[in-house]
Each structure stands twice: as C-alpha cells, then as structure tokens.
1. What are the semi-axes of the equivalent ellipsoid of the chain, taken as the square roots of 5 times the eigenvalues of the Cα gyration tensor, listed largest first and rounded to whole Å?
2. Using the Karplus equation 6.51 cos²θ - 1.76 cosθ + 1.60 (θ = phi - 60°), what ³J(HN,Hα) coupling, rounded to whole Hz, does each residue of the stretch 58-75 give in order, writing x for Gly and Pro?
3. Using the Karplus equation 6.51 cos²θ - 1.76 cosθ + 1.60 (θ = phi - 60°), what ³J(HN,Hα) coupling, rounded to whole Hz, does each residue of the stretch 113-121 give in order, writing x for Gly and Pro?
4. Could you please state, rounded to a whole Å, how far the C-alpha centre of the stretch 141-218 is from the C-alpha centre of the stretch 29-97?
5. Through the Karplus equation 6.51 cos²θ - 1.76 cosθ + 1.60, θ set to phi - 60°, convert the phi angles of the stretch 96-104 into ³J(HN,Hα) values in whole Hz; use x for Gly and Pro.
6. In what sequence, highest mean first, do 93-102, 170-179 appear when ranked by Cβ atoms within 10 angstrom?
7. Order 64-70, 182-188, 108-114 from most to least packed using the mean count of other Cβ atoms within 10 Å.
8. Name the long-range amide H neighbours of Gly110: under 5 Å, sequence gap of 5 or more, or other chain; modelled H, no Pro or chain starts.
Amino acid sequence: MNAAPAPALSVAVLISGRGSNMAAIAAACGNGQINARIVRVIADRATAGGIELARQLGIEVSVVPARQYADHAAFEAALRAAIDASGARLVVLAGFMRILSPEFARHYAGRMVNIHPSLLPKYPGLHTHERALAAQEHEHGASVHFVTGELDAGPLLRQARVPVLPGDTPASLSARVQVQEHIIYPEVVGWIAAGRLKAVDGLPWLDGRALWQPVVTG
Ligand code: GAR
C-alpha cells in the first residue's frame with residue numbers, strides 16, 4: 001500500500017504591489033512543482049494590483065490597511081490575526097513594503113521569508129536598481145532570506161545573479177531581476193514544503209547541512 005501523500009504546506013503571501021512573485025508561487029503550487037498551497041493573500045493597501053490577480057487565481061484575500069490603524073503595533077496585531085486566522089504555516093513576503101518590528105519577526109522566526117531585489121548584503125532598503133546602476137555594478141540580482149528583526153539582513157537562502165548590461169535603466173534591470181525572482185522564490189518555498197530547508201537555532205539547514213552561504217545561480 002502506498003503511503004498517503006504529505007499534506008501541502010499552507011502559505012500566506014503578503015503583498016503591497018503587483019503580486020507577480022505571488023503569482024509565480026501560485027503557478028508552481030498549481031502545476032505540482034511544489035507541494036504548497038497559498039491559503040491567503042494579505043495586502044496592506046486596498047490599491048495593491050496583486051489583489052485582483054489573487055482573486056482571479058481563486059485565492060482568498062484579506063486587506064489589512066496599514067493607514068487605518070492608530071499605530072504600527074495595532075497594524076501588526078491585525079496582520080498577525082489575519083495570518084493566524086488563515087492557518088498558514090509559512091509567511092511569504094512578496095513585495096510587502098512595510099518594515100516589521102523585531103517582535104513580529106521573532107514570532108515568525110524560521111517561518112517567514114522575504115525576497116529582495118539585490119545581491120544582499122549589498123543594497124538593503126529601497127531603490128536597489130537605481131543604486132546598483134549608480135555604482136556601476138557589473139552584476140546585480142535577487143536574494144531570498146529568512147526574516148529577522150534587522151531589515152533585509154536575515155540568513156540568506158538563495159540568490160540569483162544577473163548581468164548589468166550597457167544602456168540598462170532601472171526598469172530594464174528590474175525586469176531582468178524579476179525573471180529570476182519568479183524562479184528562485186517558488187524554489188525556496190518548495191524546499192520548505194518538502195522539509196528540505198529548515199531553521200535550526202536561527203540558522204538555515206538545507207538537506208541536512210548548515211547553509212552558511214546561499215545557493216547561488218547566474
Ligand atoms: C520584487 O521585485 C521584490 O523583490 C521587491 O518588490 C518587488 C515586488 O514585485 N521587494 C522589495 O523591494 C522588498 N524590500 P511583485 O509585487 O511583482 O512581486
């Protein structure tokens with residue numbers, strides 16, 4: 001008799017914008033590439049383009065409008081309630097443009113990942129493509145990491161490099177980076193869903209080994 005298949009990892013995806021990374025993860029769930037399911041998309045603003053996209057994909061959406069809360073603590077309490085009500089076991093930040101408190105990060109330690117459009121530790125924060133171009137970098141890219149209390153500084157899991165080409169603009173560079181984001185983010189979610197990637201005492205382990213360096217391609 002065959003063993004029952006492992007249940008899909010339930011995932012909450014937090015967005016502020018277009019939601020193209022959310023859609024890439026949803027596609028990987030849908031085509032069986034990864035054993036995960038997006039149980040809720042949570043947006044911090046009602047204008048996020050990804051809300052409509054999620055609804056078209058048949059995913060439940062919650063809007064937790066940051067501006068309507070008295071302070072950041074009240075916003076985070078509502079965000080936590082929405083995540084926990086969804087039953088998600090993994091929180092995926094996908095273009096979620098809010099700085100989360102150390103307490104919030106600690107609560108989801110080892111259960112929350114983020115994607116950032118640079119080769120961290122280079123260019124944490126905003127305007128990464130503009131800054132990479134201004135610094136005349138020859139390469140740029142994207143990073144996936146566990147979220148900790150320090151902005152864009154948690155343990156790195158996966159990076160993809162892209163070349164910076166002559167004549168690049170922030171838009172052309174961003175588009176090249178996003179192609180890679182849509183590959184590496186579903187891949188990392190899949191590793192977690194398969195039990196291959198875990199946080200052990202704050203350190204990532206992949207396939208039974210401590211991951212001191214991210215897996216890098218490109
Ligand atoms: C992505 O490029 C992601 O790396 C970036 O926002 C974009 C969201 O695109 N995230 C950050 O800058 C977080 N610091 P999407 O809404 O189409 O997935």
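1. Listed largest to smallest, the semi-axes of the chain are 25, 22, 18 Å.
2. x, 9, 5, 10, 10, 10, 10, x, 3, 5, 8, 9, 5, 7, 5, 5, 5, 4
3. 10, 9, 10, 10, x, 6, 8, 4, x
4. Going from one Cα centre to the other spans 20 Å.
5. Once rounded to whole Hz, the list reads 8, 9, 10, 7, 9, 6, x, 5, 4.
6. Ranking the peptides 93-102, 170-179 by packing returns 93-102, 170-179.
7. My ranking of the peptides, most packed first, is 182-188, 108-114, 64-70.
8. Val147
Taken together, the values in this text are just the output of simple stated rules run on the coordinates, not laboratory data. All values reported here derive from a predicted model rather than from experimental measurement. All Cβ positions, even for glycine, are placed from backbone atoms using ideal geometry, and neighbour counts span all protein chains on display.
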